[in-house]
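What follows is a set of notes on a single structure, which appears directly below.
Any read-out appearing in this document is the output of simple, stated calculations on the displayed coordinates, not a laboratory observation. Because the structure is a prediction, the values reported are computed rather than measured. Methodologically, a virtual Cβ is constructed for each residue, glycine included, from the backbone with ideal geometry; neighbour enumeration extends over all protein chains shown.
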Amino acid sequence: MAKYVDGFVIPVSKDKIGEYRKMAKMGAKLWKKYGALEYFECVGDDLSPKMGGGIKFMKFPQLVKAKPGETVVFSFIVYKSRAHRDAVNAKVMKDPMMSDPAWKNKPMPFDMKRMAYGGFKSIVEF
């Protein structure tokens with residue numbers, strides 16, 4: 001059976017990467033606790049790559065309308081299937097940590113309005 005992946009592209013202020021990393025580590029523990037197979041948070045390193053042959057393409061900073069002083073985080077979570085993803089996410093949302101009053105009014109370390117997100121069915125796996 002093909003795996004299922006939730007993918008995210010997120011603009012994050014460079015001065016908030018530490019705060020983001022702390023939040024992401026907590027998220028990784030939570031998603032893995034409820035059955036996610038793998039959890040990755042990756043910060044941009046080469047966000048203006050050159051393609052040979054004059055090929056033009058949109059770069060991640062363009063996708064999320066990154067502002068000066070921001071970088072891009074590419075994040076993905078791997079599941080057994082879409083049904084497995086739905087079950088894991090339902091458990092995560094019910095976890096007491098997700099409704100902890102300490103987090104209620106705490107702002108996210110990124111602009112959620114410019115985050116790109118989607119679910120993807122794997123078509124090639126090695």
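Any chance you could count how many residues in segment 9-39 are under 16 Å from GLY119 (Cα atoms) and loosely packed, with under 15 Cβ neighbours inside 10 Å?
Quick first cut of segment 9-39, residues under 16 Å from GLY119 (Cα atoms) only: 9-10, 31, 36-39.
Those still in the list that are loosely packed, with under 15 Cβ neighbours inside 10 Å too: 38.
Result for segment 9-39: 1.
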For this session: Would you check which residues across segment 105-126 are under 21 Å from ILE10 (Cα atoms), of a type outside the set (Gly, Ala, Ser) and exposed (fewer than 11 other Cβ atoms within 10 Å of the Cβ) and list them?
Result: ASN105, LYS106, PRO107, MET112, LYS113, LYS121
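Pick from LYS50, LYS33, LYS80, LYS59: which is under 24 Å from LYS106 (Cα atoms) and out of contact with any Phe, Trp or Tyr (no Cβ under 6 Å at 6 or more places or on another chain)?
LYS33
Can you tell me which of VAL72, VAL88, VAL92 is closer than 21 Å to VAL5 by Cα, assigned to a strand (DSSP E or B), β-branched (Val, Ile, Thr) and touching a Phe, Trp or Tyr at 6+ places or on another chain (Cβ under 9 Å)?
Values: VAL88 fails: assigned to a strand (DSSP E or B); VAL92 fails: assigned to a strand (DSSP E or B).
Among VAL72, VAL88, VAL92, only VAL72 is closer than 21 Å to VAL5 by Cα, assigned to a strand (DSSP E or B), β-branched (Val, Ile, Thr) and touching a Phe, Trp or Tyr at 6+ places or on another chain (Cβ under 9 Å).
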Seminar exercise, completed: When segment 11-54 is checked residue by residue, the ones that are among the aromatic types (Phe, Trp, Tyr), outside any loop (DSSP other than H, G, I, E, B) and either touching a residue at least 60 places away in the same chain (Cβ under 8 Å) or touching a His at 6+ places or on another chain (Cβ under 8 Å) (or both) are TYR20, TRP31
